[in-house]
Amino acid sequence: MSYRWEASARIAQRRLVAIVRHADTSVAEQVGDAVIEAGLDVLEVPLTTPDALGAIERLSRRHPQALIGAGTVLDAASARLAILAGARFLVSPSLHADVLQTGHRYGAAVLPGVQTPTEVVQALEAGADLIKLFPADEHTPGYLKAVRAALPQAPIVPTGGIGAANARAWLDAGAVALGVGGSLTREPATAGATAAALLAAVA
């Protein structure tokens, strides 16, 4: 049994969420294994990955010490299935009240996606544990800094277009943590090394 505040705290402590989205389930799992073994032990498997629920279950079984979550969760049914598979946090590209309700009902942290200050406030009012700024590469760290000047209470996790080269700039702008995907799965064979570089960048 885990509590959703534990998942939120772990994400904030690690400062990184590895996103293993891939058209080949076995490759997604290999990347997941590699980044966890490199020390990046907070991992999101988007439900757009084939057999994502199976991947979540297998990664959770192989790495019980890791924090495994589900991404691209758009409805209550998907949220419940992901939690049953072992997901301890749920991430969405947008804001869905039923995902928040279902996640919280069963003890999972929920990170809805937003783009604007209005959506940030709506996510806070809906009870979001953390808030995903997506796609972050549509903005700059300066945008996040300005949003947090007005909404310093918002725990924002920029996601999209983030790698070792710009991770520190986003954290310095006030990000609680960062979602990183493409730089990990673009070259699966070097995912472990990429994860190590990201960890060094945010240390």
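Overview of results
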item	result
Contact order normalised by residue count of region 4-202, Cα under 8 Å, 6+ apart, percent	22 percent
Long-range amide H partners of G179 with built H, under 5 Å	V17, T159, G160
Computed [θ] at 222 nm, deg cm²/dmol, the chain (DSSP H ≥ 4; -39,500 (n - 2.57); rounded to nearest 500)	-13500 deg cm²/dmol
Under the Karplus curve 6.51 cos²θ - 1.76 cosθ + 1.60, θ = phi - 60°, whole-Hz ³J(HN,Hα) for region 28-43, x wherever Gly or Pro sits	4, 5, 4, 5, x, 4, 5, 6, 5, 5, 7, x, 8, 9, 10, 9
The chain: most fluctuating residue of R62, R14, R148 per GNM, C-alpha cutoff 10 Å	R62
Region 33-141: relative contact order as a whole-number percent, Cα under 8 Å and 6+ apart	19 percent
GNM top mover of A193, A18, A55 - the chain, alpha-carbon springs below 10 Å	A193
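No lab work stands behind these numbers, since they all come straight from the coordinates. On a predicted model such as this, the values are computed, not experimentally measured, just so you know.
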